[in-house]
Amino acid sequence: MIRLLERLGVPRVLMLGFLAVAIFMTGDGFELTFLSKFMVDQGFTSSQASLLVTVYGLFAAAGGWSAGMLAEMFGARRVMMFGACWWIGIHLLFLGVAIPSRIYPLILGLYALRGIGYPLFIYSFVVLMAQHISPSRLASATGFFWTCFSLGIGVFGAYLPSFIMPVFGEYRTFWFALPFSIVGTIMCFLFVPKNKVVKGEGLGRKEQLKELAEGATILVTNRKILICAIIRIINNLLLYGFPVIMPLYLCTTHNGGINIFKTEEWMRIWGFVFVVTLIFNTFWGWFMDRFGWVWPMRWFGCAVLAVGSVAFYYIPQWFGANALMMIVASIIVGIGTCAFSSLPTIMTLYAGEGKQGAALSAYNLAAGLTTFAGPGVATILLPVIGYGGVCWTYAALYVLAFVLTLFIRPRQPGFDEHGHRIAKAKNGTAPQDDAVPAVNTVSEESIGVGVAAAEAV
């Protein structure tokens with residue numbers, strides 16, 4: 001197993017860190033599949049339930065944006081520990097104070113604040129990946145990172161509550177998240193290595209704030225990175241939008257829901273999305289490093305997810321309470337969701353030397369914004385156009401992402417400017433492209449993604 005991970009580009013020093021991400025995200029994902037229904041059962045409206053997840057996503061976006069630059073300036077392990085402790089402390093207040101009070105503003109505020117914690121934990125780890133892993137293997141390693149993420153937030157985070165909730169009830173199930181988040185935090189403290197480079201050492205407060213701001217300003221100054229960020233936001237719309245609307249659509253009669261599945265049945269159906277991602281996150285990373293970064297994203301990501309968006313709505317209409325057909329829809333969504341693992345590598349290439357940290361912060365910001373945009377679309381449109389209209393809106397956004405992929409053409413190592421693989425020379429090595437110097441060096445001035453030079457944008 002260790003040898004296999006090393007072939008994927010994962011160094012031994014980071015392996016237990018990947019496991020820590022999986023365990024911590026199990027705790028973070030515990031309530032994802034049933035929180036909206038729980039809120040409705042407590043007497044809140046479906047709009048209030050979706051707003052809760054939407055605002056959570058907005059704060060997660062802020063945490064994601066700041067994670068890369070904070071980890072680069074102050075050390076990834078330190079930022080990971082802060083994010084984990086923040087999450088645990090706010091979660092205790094959310095469960096012990098906010099939910100029993102039934103005061104919606106308090107519930108909303110504390111849940112939103114908790115959203116800052118997990119991006120600091122997981123996206124700071126991305127900085128360590130970029131410093132320890134060659135850019136020629138980074139897409140493969142990123143695929144494995146998202147496999148660990150999916151294993152936690154999706155597989156264990158969906159299936160464990162589906163068995164715990166019928167026995168202990170929804171509220172008590174929330175508490176089972178804590179042991180996982182605590183164990184993940186302890187593993188981070190014991191096994192996650194320190195940065196190779198801490199850029200913030202010797203910088204004044206003004207310079208540190210400037211570095212932090214670059215994670216957002218690069219979206220204005222670099223059009224290619226902006227396009228990649230928009231694609232990244234669209235990437236996970238279903239992953240965060242469907243857990244809000246589908247429990248209401250499939251398990252209640254609110255806003256025209258059809259109420260044909262039990263909540264735990266829905267949770268197990270949705271869990272198949274993440275079971276599939278365990279395979280395809282790693283597969284797509286390996287595949288893209290060898291056969292191209294962009295076209296799989298276009299066809300197997302955007303196009304497949306456009307189909308999956310409407311399949312979840314129409315399959316219950318056509319086949320009724322057919323769990324097997326719903327699992328097929330989950331598999332479609334899982335395959336498509338994974339086909340974007342090359343995006344962080346593409347963004348760092350487009351950023352150029354010395355701007356890779358800002359590019360990763362922009363990537364993390366976009367990844368956080370998807371947790372806001374997914375439920376946000378539902379919050380705004382659900383009362384107006386219903387569940388079907390929301391699903392078609394998601395599909396239209398994936399078509400938009402499909403079009404946007406036509407405007408990104410990164411110079412991938414081993415491929416020519418048209419995205420075709422360069423034939424190997426007789427000695428077994430690909431001829432060197434004059435426009436793209438060697439990419440296996442590690443910059444000591446940046447976070448170390450290792451791009452010595454890239455095509456200017």
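The values are calculated or read from the model by the stated rules, or taken from the named source; none is laboratory data. Remember, predicted model here, so these are calculated numbers, not experimental data. Glycine gets a Cβ as well: all are built from the backbone with ideal geometry, and neighbour counts include every protein chain shown. Areas reflect the complete protein model, heavy atoms only, side chains present, ligands, DNA and RNA absent. Shrake-Rupley method; radii C 1.70, N 1.55, O 1.52, S 1.80 Å.
Can you give the FRET efficiency for Leu16 and Phe291, using 1/(1 + (r/R0)^6), R0 = 25 Å, r = Cβ-Cβ distance, to the nearest 0.05?
0.20
Could you grab the Rg to Rh ratio for the stretch 130-178? Cα atoms only, Kirkwood for Rh. Kindly include the intermediate steps, with their values, before the conclusion.
Working: Rg = 16.2 Å, Rh = 12.8 Å.
Expressed as Rg/Rh, it is 1.27.
Can you tell me the convex hull volume per residue for the stretch 272-343, based on C-alpha atoms, in Å³ to the nearest whole number? Display every interim value, and only then the final one.
Working: hull volume 4.9 nm³, N = 72.
Value for the stretch 272-343: 69 Å³ per residue.
Around Ala158, with a cut-off of 13 angstrom between Cβ atoms, what is the net charge of the other residues, counting Lys and Arg +1 and Asp and Glu -1?
For residues surrounding Ala158, the net value is -3.
Between Leu106 and Cys85, what is the label-point separation in nm under the 7 Å Cα-to-beta-carbon projection?
For Cys85 paired with Leu106, the spin-label model returns 2.6 nm.
Using every alpha carbon pair in the chain, what percent of pairs falls into each 20 Å bin from 0 up to the bin containing the largest distance?
26, 58, 15, 0
Against the empirical 2.2 N^0.38 Å scaling, what ratio does the C-alpha Rg of the stretch 210-312 come to?
Compactness ratio reported: 1.38.
Where Lys and Arg each count +1 and Asp and Glu each count -1, what net charge lies around Val220 among other residues with Cβ under 15 Å from its Cβ?
Net local charge, Val220 excluded: +3.
Compute the distance in nm between two label points, each set 7 Å from the Cα along the Cα-to-Cβ direction, one at Arg7 and one at Phe168.
Once both label points are built, they end up 4.0 nm from each other.
To the nearest 0.05, how large is the calculated FRET efficiency for Ile422 and Val307 if R₀ is 30 Å and r is the Cβ-Cβ distance?
0.35
If you take the beta carbon distance between Phe407 and Leu93 as r and set R0 to 35 Å, what does 1/(1 + (r/R0)^6) give as a FRET efficiency, to the nearest 0.05?
Taking R0 as 35 Å, the efficiency between Phe407 and Leu93 is 0.20.
What nm distance separates the two modelled labels at Ser47 and Lys210, each placed 7 Å from Cα along Cα→Cβ?
According to this spin-label approximation, the distance is 4.6 nm.
How long is the gain from Asn322 to Phe189 if the chain were fully straight, where each residue apart is worth 0.36 nm and the alpha carbon distance is subtracted? Display every interim value, and only then the final one.
On the way: separation 133, 0.36 × 133 = 47.88 nm, distance 4.51 nm.
So the extension gain works out to 43.4 nm.
Taking H placed 1.01 Å from N in the peptide plane, check which residues at least 5 places from Arg411 or on another chain put their amide H under 5 Å from its amide H.
Hits under the 5 Å cutoff: Glu455.
Just to be sure I follow the rule: in the chain, considering lysines 8 or more places apart or on different chains, how many pairs have Cα atoms under 21 Å apart?
For the chain, qualifying lysine pairs total 8.
Can you give the Kirkwood hydrodynamic radius of the stretch 50-145 from its Cα pairs, in Å with one decimal? Don't skip to the end; give the middle numbers.
Numbers: mean 1/r = 0.0705 Å⁻¹.
Hydrodynamic radius (Kirkwood, Cα pairs) of the stretch 50-145 is 14.2 Å.
With each run of n ≥ 4 DSSP H residues scored as -39500 (n - 2.57), what mean residue ellipticity at 222 nm is computed for the chain after dividing by its residue count and rounding to the nearest 500 deg cm²/dmol?
-23000 deg cm²/dmol
Give me the percent of accessible area attributable to carbon and sulfur for the chain, probe 1.4 angstrom.
Details: 11830 of 17390 Å².
It is 68 percent, rounded to a whole number.
Limiting things to C-alpha atoms, what are the Rg and the maximum Cα-Cα separation (Dmax) for the stretch 231-383, in angstroms?
Calculated on Cα positions, Rg and Dmax stand at 16.8, 55 Å.
For the Cα atoms of the chain, what angle does the longest principal axis make with the long axis of helix 104-114, in degrees from 0 to 90, nearest 10?
30 degrees
Which of the peptides 142-148, 336-342 is most tightly packed, and how do the rest follow, judged by the mean count of other Cβ atoms within 10 Å per residue?
336-342, 142-148
For the chain, find the longest principal axis of its Cα atoms and tell me its angle to the long axis of helix 323-337, 0 to 90°, nearest 10.
30 degrees
Taking only Cα atoms, what is the 0 to 90° angle, nearest 10, from helix 138-150's long axis to the longest principal axis of the chain?
Here the helix axis deviates by roughly 20 degrees.
Under Stokes-Einstein, with the Kirkwood radius over Cα pairs standing in for Rh, what whole-number D in µm²/s applies to the stretch 79-124 at 4 °C and 1.567 mPa s?
The calculation lands on 123 µm²/s.
Which value, in Å to one decimal place, does the Kirkwood hydrodynamic radius take for the stretch 329-386 when every pair of different Cα atoms is included?
For the stretch 329-386, the Kirkwood estimate is 13.6 Å.
Could you let me know the centre-to-centre spacing of the stretch 373-418 and the stretch 54-97, using Cα atoms, in angstrom?
Computed from Cα coordinates, the inter-centre distance equals 27 Å.
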